[in-house]
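Just so it is clear, none of the values below were taken in a lab; they were calculated from the coordinates. Just so it is clear, the model here is predicted, and its values are computed rather than measured. As a convention, Cβ positions derive from the backbone with ideal geometry for all residues, glycine included, and neighbour counts pool all protein chains shown.
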Amino acid sequence: MQQHLTVPALLLASLWTLCTGSGDWCYQSQFTCDHQCNAPEKWNHVNGDCGGRSQSPINIVTRKTLKDERLTPFQFKDYQQIFRGVIKNNGHSVKVDVPHLSTISGGGLPTTYKAVQFHLHWGTNGGPGSEHTIDGEQYPMELHIVHMKQHYADLTTALADPEGVAVLGFFYERSSSANRKYDPIINVLRSIKSTNDNTSLLPISLAQLIPSEQNMTSYYRYKGSLTTPSCTESVIWTLFEKPIPLNMDQLRMFSELKFQDGKPMVGTFRPVQPLNGRQVYQSGGAVILASSTLLVAAIATALGLSQPI
Ligand SMILES: *[C@@H]1O[C@H](CO)[C@@H](O)[C@H](O)[C@H]1NC(C)=O
Ligand SMILES: *[C@@H]1O[C@H](CO)[C@@H](O)[C@H](O)[C@H]1NC(C)=O
Ligand SMILES: [Zn+2]
């Protein structure tokens, strides 16, 4: 008798917590009538910051970006450093904590930031899955390398500083050949299918996961937030133009992972958020300046206006 009363009571209690938002959040792909979790439209119930005016991700409209000559190339320090990471299925993504050795500076950042962790966002079986979009185009996947100002000890502290966190975002594109530099990550996904599973990675470096430095000079910059609750608005965003190639089989492997409830971990992206008047900047202002100087010189020469002797 006791039991018959307790079980439904417990069920009701747990449904109540799910529906009223107890810190439980989910992606749109996880929302069903049976599992009425807090989908992105309700994240502001989980944390008020998710309803803020400087949220991420955004759609970048390239013709509205402003070239900024202060957005110089980044200095990557110890990005070549090989480390033994642990990769974990945290129920929302796969995440790798990195030793706080690798740093970034330059790139128009106010100071030096150190790498903390990286994780990914993806679609279904290699379909659209990036968080940011460029002129409405959604890429199959997006890498976030999360950094915090060098003097902070943890992300929670860094997030209290409006410029405490710098995230480097990279898009992926489908290529015809496999990207062997991703083997250490992709080959272990099958062993961390369930939420909270983790495993060690073969030694990798951050540098092997991203384009060459020469191919990272073109990027977009804006001020935004974390793209998952708490949605804190303390992030200097950088989105690199040059995508990372992976083939279809490699992209598909991410859809083999599972959410907590055992359903396929797919569609792990937040929809794009309103800009609310924010300006998006683009690197390369200096290059344009240099080439227009050359152009003026060339015209001057053509018109016979070269330096008087
Ligand atoms: C990895 O999983 C093991 C076994 O469940 C656990 O003891 C350990 O704390 C986990 N490590 C991380 C980094 O999550
Ligand atoms: C930059 O990207 C281009 C186009 O994908 C590639 O051909 C080139 O090798 C890359 N440059 C370097 C230095 O890796
Ligand atoms: Zn992310």
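In the range 47-302 the Cα-Cα distances spread across 5 Å bins starting at 0 as 1, 6, 12, 17, 19, 18, 13, 7, 3, 2, 1, 1, 0, 0, 0 percent of all pairs.
Neighbour counts of other C-beta atoms within 10 Å: give me 186, 244 arranged from fewest to most.
Numbers: 186 18, 244 21.
Lowest count first: 186, 244.
Taking label positions 7 Å along the Cα-Cβ direction at both residue 61 and residue 105, the computed distance is 3.8 nm, reported to one decimal. For the range 72-126 versus the range 37-67, the spacing of their alpha-carbon centroids is 22 Å. Computed 3J(HN,Hα) for the range 85-93, one whole-Hz value per residue from the Karplus formula 6.51 cos²θ - 1.76 cosθ + 1.60 where θ = phi - 60°, is x, 10, 9, 10, 7, 9, x, 10, 6, glycine and proline marked x.
Ignoring lysines fewer than eight residues from residue 149 along the same chain, the ones with Cα atoms less than 27 angstrom from its Cα are 67, 77, 88, 95, 114, 223, 242. Under 5 Å between amide hydrogens, built in the peptide plane, is the criterion, and for residue 125 it picks out 255 among residues at least 5 positions away or on other chains. Note on 63, 84: ascending count of other Cβ atoms within 10 Å places them as 63, 84, the fewest first.
At an R0 of 35 angstrom, the distance between the Cβ atoms of residue 161 and residue 31 translates into a FRET efficiency of 0.55.
A viscosity of 0.890 mPa s and a temperature of 25 °C, combined with the Kirkwood radius over Cα pairs in Stokes-Einstein, give a translational diffusion coefficient for the range 133-234 of 150 µm²/s. With Cα atoms defining each centre, the range 172-193 and the range 229-289 are spaced 17 Å apart in the structure.
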